[in-house]
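Chemist: This is the structure I have questions about; it appears just below.
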Amino acid sequence: MSKADYYEVLGVSRDANDQELKSAYRKMAREHHPDLNPGDHAAEERFKQASEAYQVLSDADKRAAYDRYGHAGVSGSGQGFGGPFAGGVDIGDLFGDLFGEMFSVGGGGQRRATRQQRGDDLRFDLAIDFEAAIFGVETEVKIRRQEPCATCNASGSASRRGPTTCGQCHGRGQVRYQQGFFAVARACPACGGAGQVISDPCSTCRGETRVTKELKLNVKVPPGVETGTRIRYAGEGDAGRAGAPKGDLYVVLSIRSHEFFQRDGHNLRCVLPISFPQAALGAEIEIPAIGGNVTLKIPEGTPSGKELRVRGKGVPFLNEKGAGDLIVKVMVEIPKKLNRAQRELVNQLAESLAVENKPASASFLEKMKDLFN
Ligand SMILES: [Zn+2]
Ligand SMILES: [Zn+2]
């Protein structure tokens with residue numbers, strides 16, 4: 001598969017300057033970022049491509065190599081784009097405060113440290129039935145997460161006053177003591193180095209400011225999802241400590257298999273056994289499909305293994321109208337045991353079949369002739 005041109009991916013001219021590249025990438029990222037398009041694989045793919053393109057073109061050396069040799073010149077840097085956040089581009093830097101917390105998964109460590117620490121993101125693995133993935137489903141999941149303690153209003157202290165300055169280190173978080181010639185500093189044992197203590201811990205959360213709760217959450221799975229599709233619920237993760245913002249919840253889907261159909265992207269595949277007469281004479285067979293049965297036309301002279309396509313009877317597209325196809329592979333069944341009369345009929349058939357009526361045999365015999373003459 002050939003890779004798309006990096007300039008085309010970003011929609012810029014070949015002499016675009018850094019500022020143009022940056023704003024083109026910014027625009028792409030805003031449109032296609034996976035967090036803004038949960039479950040949309042096409043968007044995720046475009047975002048990954050744009051990130052890769054930007055990473056190469058924003059680096060003068062790599063860009064020069066790319067201009068000269070194309071993808072081969074930068075193939076080393078094409079590796080390791082494992083996730084949407086990979087690629088060495090600091091999303092937080094590009095977006096500034098506009099999207100703020102939105103991009104703190106797997107990145108933005110500095111940003112996080114300077115703020116109150118946001119609660120953790122949670123992952124919930126949800127297995128759904130084959131049909132549910134196609135039609136969409138609403139279901140309830142049970143999650144355990146950290147919730148702000150209601151007793152102390154997430155202050156951690158019974159009086160709701162919150163932490164106070166540690167009396168032992170006076171807020172410094174360290175204590176110094178003399179060891180021989182040296183003055184040694186170590187973390188204050190009273191506050192563990194935090195500089196603050198809760199003198200009257202809340203009896204519910206023991207000063208933790210949060211409690212673990214189990215709760216039910218309604219999850220709405222759109223039609224057309226695949227195994228690995230991720231649905232993000234902003235602010236449904238763990239609460240942060242002391243009233244800090246909540247993390248996000250990611251519901252990661254896996255699709256159970258079906259006894260008749262297999263998924264192939266948005267196409268559905270199945271194998272249909274047919275009889276020799278049906279294959280030879282043609283037939284119309286009613287088969288189950290998405291949204292009701294469909295009539296499959298088997299043309300006269302259909303060979304075993306032939307794939308027949310029913311348009312629009314596959315899996316609906318996730319974010320647009322339409323659906324993939326249903327691809328039916330027909331397998332001609334040969335009867336295991338024939339009675340005398342049937343055997344006679346087949347013999348008559350064999351004798352009456354001219355070799356031109358057996359295309360594969362005809363060409364085979366033709367080649368064999370050449371081989372020995
Ligand atoms: Zn509490
Ligand atoms: Zn202390």
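Chemist: Ser199 passes all but one of (1) on the phi < 0 side of the Ramachandran plot; (2) open to solvent by 60 Å² or more (accessible area, probe 1.4 Å); (3) within 43 Å of the chain's Cα centre (by Cα); (4) within 16 Å of ligand 1 (Cβ to nearest atom); which number fails?
Modeler: Only one criterion in (1) on the phi < 0 side of the Ramachandran plot; (2) open to solvent by 60 Å² or more (accessible area, probe 1.4 Å); (3) within 43 Å of the chain's Cα centre (by Cα); (4) within 16 Å of ligand 1 (Cβ to nearest atom) is unmet by Ser199, namely (3).
Chemist: Which of (1) more than 46 Å from the chain's Cα centre (by Cα); (2) open to solvent by less than 100 Å² (accessible area, probe 1.4 Å) does Phe182 not meet, given it meets every other one?
Modeler: (2)
Chemist: Taking the stated definitions as given, is Val56 at pLDDT below 85 and part of a helix (DSSP H, G or I)?
Modeler: Details: at pLDDT below 85: no; part of a helix (DSSP H, G or I): yes.
It is false that Val56 is at pLDDT below 85 and part of a helix (DSSP H, G or I).
Chemist: Of all residues in segment 209-241 being closer than 26 Å to Val315 by Cα and basic (Lys, Arg), which is most open to solvent (accessible area, probe 1.4 Å)? Quick ask: steps written out before the conclusion?
Modeler: So the first thing to find is which residues in segment 209-241 are closer than 26 Å to Val315 by Cα, and the list is 218-233.
So of that shortlist, the ones also basic (Lys, Arg) come out as 220, 230, 232.
Values: Lys220: 135, Arg230: 72, Arg232: 43 Å².
Top of the filtered list is Lys220.
Chemist: Based on what the data block shows, is Val225 touching an Asp or Glu at 6+ places or on another chain (Cβ under 9 Å) and either at pLDDT 85 or above or within 16 Å of ligand 1 (Cβ to nearest atom) (or both)?
Modeler: On the way: touching an Asp or Glu at 6+ places or on another chain (Cβ under 9 Å): no; either at pLDDT 85 or above or within 16 Å of ligand 1 (Cβ to nearest atom) (or both): yes.
The answer is no for Val225.
Chemist: Restricting attention to segment 146-179, and to residues there that are at pLDDT below 85 and of a type in the set (S, T, N, Q), which single residue is most open to solvent (accessible area, probe 1.4 Å)?
Modeler: Across segment 146-179, the extreme among qualifying residues is Gln178.
Chemist: Applying the selection to segment 1-35, what residues are under 22 Å from Thr227 (Cβ atoms), open to solvent by less than 60 Å² (accessible area, probe 1.4 Å) and outside any helix (DSSP H, G or I)?
Modeler: If the condition is that a residue be under 22 Å from Thr227 (Cβ atoms), open to solvent by less than 60 Å² (accessible area, probe 1.4 Å) and outside any helix (DSSP H, G or I), then His33, Pro34, Asp35 are the ones that fit.
Chemist: Moving on to the next point. Scan segment 199-234 for residues that are among the β-branched types (Val, Ile, Thr) and farther than 29 Å from Glu138 by Cβ and jot them down.
Modeler: Taking segment 199-234 first, the residues among the β-branched types (Val, Ile, Thr) are 204, 209, 211-212, 219, 221, 225, 227, 229, 231.
Listed by number, the residues that qualify are Thr204, Thr209.
Chemist: Still on this structure, I have one more. Given segment 111-227, what strands (runs of 3 or more DSSP E) lie entirely inside it while holding 3 or more residues that are within 16 Å of ligand 2 (Cβ to nearest atom)? Write out each step before concluding.
Modeler: Working: elements: 122-128, 137-148, 174-179, 182-187, 210-221.
Where strands (runs of 3 or more DSSP E) fall fully within segment 111-227 and carry at least 3 residues being within 16 Å of ligand 2 (Cβ to nearest atom), they are 174-179, 182-187.
Chemist: Something else now. Find all pairs meeting these conditions: Cβ atoms under 7 angstrom apart; at least six residues apart or on different chains; first residue within segment 228-247 and at positive phi; second residue open to solvent by 50 Å² or more (accessible area, probe 1.4 Å).
Modeler: Gly235/Lys246; Gly243/Pro148
The values are calculated or read from the model by the stated rules, or taken from the named source; none is laboratory data. The structure presented is a predicted model; accordingly, all values stated were derived computationally and were not measured. Neighbour counts run over all protein chains shown; Cβ positions are idealised from the backbone, glycine included. Accessible surface is based on the protein model in full, side chains and every heavy atom, while ligands, DNA and RNA are left aside. Shrake-Rupley method; radii C 1.70, N 1.55, O 1.52, S 1.80 Å.
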